[in-house]
Amino acid sequence: AHEAALAARNKEDLRSPICCILGHVDTGKTKLLDKIRQTNVQEGEAGGITQQIGATYFPVDAIKTKTADGKQEYKIPGLLVIDTPGHESFTNLRSRGSSLCNIAILVVDIMHGLEPQTLESLRLLRDRKTPFIVALNKIDRMYGWQPTPDNDFQSSLAKQSRAVQREFEDRTQKTILAFAEQGLNAVLYYDNKNFARNVSLVPTSAITGEGVPDMIMLLVNLTQERMSDRLMYLSELECTVLEVKVIEGLGTTIDISAYVHHKEVKAALGVKIVAPDLEKAIAGSRLLVVGPDDDEDELMDEVMSDLTTLLNSIDKS
Ligand code: GDP
């Protein structure tokens with residue numbers, strides 16, 4: 001079984017990357033999530049997009065229909081996007097959310113630039129060394145913008161009047177400067193020649209869907225080309241507690257995000273667990289599985305040290 005697990009570790013066959021959305025309030029995080037879900041559903045076949053516990057799973061087939069580029073090669077089965085913006089009370093989850101993430105989308109309102117919680121999100125992403133892209137959202141709010149629903153950004157921009165194009169250039173330059181003040185090289189994603197050094201800006205509208213296909217393609221490309229080591233299947237289960245909540249009739253439950261190595265289920269997953277004594281579970285902690293060869297006391301020590309670190313980080317924030 002161990003050999004089989006090793007053989008399965010292959011850069012051409014990867015698990016789904018886990019993606020988080022962060023940013024200042026009202027920049028459009030929720031709307032952007034809705035948009036990626038809904039545009040796919042509108043295409044008739046829901047394409048296997050499933051709303052999971054605390055997350056939405058986008059299988060690669062659904063991504064393909066949205067971004068009809070025949071040249072694209074897919075090594076990941078899909079993307080698991082964590083629905084963190086819905087949980088406003090979970091500031092801690094937000095900070096831990098980024099640690100379970102392989103990649104993050106930092107949403108910035110193009111009309112407002114960098115705002116206080118954008119800077120807070122930037123600090124979190126840096127602390128956790130989480131790679132991220134920036135969605136420069138609400139492009140449709142620029143004066144005179146002529147929308148082409150769900151279009152790719154560059155072709156939409158080409159259709160705008162000179163005045164709109166100039167406004168876009170000005171606002172983008174301002175945002176780039178603001179990122180430079182934070183010590184970051186930000187560039188429009190289609191001008192980005194060095195993904196290791198520069199943060200990509202993807203102009204989007206969560207209302208018209210413009211730039212959304214670009215954003216998804218960028219996530220697919222960055223994760224499968226640059227993070228394949230972290231996305232190969234594991235021979236064991238790894239998961240993180242996303243949310244602890246009481247549900248009538250079930251008692252205290254925990255929602256977890258799991259990466260599993262399994263013959264049929266080839267994805268990162270959201271799962272709800274119902275069990276006794278979950279009141280003591282803390283969002284952000286790891287979930288360990290005790291196997292026949294494991295030392296339960298050792299794992300217990302590991303969990304306790306995790307919790308201590310987690311509680312210290314909550315105290316500080
Ligand atoms: P969140 O707090 O970041 O989750 O922001 P929401 O998704 O709730 O969006 C805040 C407000 O901005 C809502 O009224 C949205 O309809 C609006 N909004 C979000 N994205 C866009 C966009 O791309 N264009 C326009 N015009 N409005 C947007």
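The values are calculated or read from the model by the stated rules, or taken from the named source; none is laboratory data. Only a predicted model underlies this, so the values are computations on that prediction, with no experimental measurement involved. Because the Cβ atoms are built from the backbone with ideal geometry, glycine has one as well, and the counts that use them run over all protein chains shown.
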For this session: Could you tell me whether the stretch 172-191 includes any residue that is within 16 Å of the ligand (Cβ to nearest atom) and surrounded by 15 or more Cβ atoms within 10 Å (Cβ to Cβ)?
Result: yes
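Out of everything in the stretch 192-202 that is more than 16 Å from the ligand (Cβ to nearest atom) and among the hydrophobic types (A, V, I, L, M, F, W, C), what residue ends up being farthest from Asn151 (Cα to Cα)? It would help to see each step written out before you state the result.
Restricting attention to the stretch 192-202, the residues satisfying the condition of being more than 16 Å from the ligand (Cβ to nearest atom) are 192-200.
Still in the running and among the hydrophobic types (A, V, I, L, M, F, W, C): 195-196, 199.
Details: Phe195: 24, Ala196: 27, Val199: 23 Å.
Out of the qualifying residues, it is Ala196.
For the stretch 107-127, give me the residue count where each residue is part of a loop (DSSP other than H, G, I, E, B) and surrounded by 18 or more Cβ atoms within 10 Å (Cβ to Cβ). It would help to see each step written out before you state the result.
Here is the first cut: in the stretch 107-127, the ones part of a loop (DSSP other than H, G, I, E, B) are 110-112, 114-115.
In the following step, the residues that additionally are surrounded by 18 or more Cβ atoms within 10 Å (Cβ to Cβ) were identified as 110, 114.
So the answer is 2.
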Problem set entry | Count of the stretch 6-62 residues which are at pLDDT 75 or above, part of a loop (DSSP other than H, G, I, E, B) and more than 16 Å from the ligand (Cβ to nearest atom) | 2
Exercise. Does Ser205 satisfy the condition of being within 16 Å of the ligand (Cβ to nearest atom), at pLDDT 95 or above and under 22 Å from Gly23 (Cβ atoms)?
Worked result: yes
Exercise. Just a yes or no: is a residue in the stretch 131-141 at pLDDT below 95 and assigned to a loop (DSSP other than H, G, I, E, B)?
Worked result: yes
For this session: Looking only at the stretch 193-225, count how many residues are within 18 Å of Gly28 (Cβ to Cβ) and out of contact with any helix residue (DSSP H, G or I) (no Cβ under 7 Å at 6 or more places or on another chain).
Result: 2
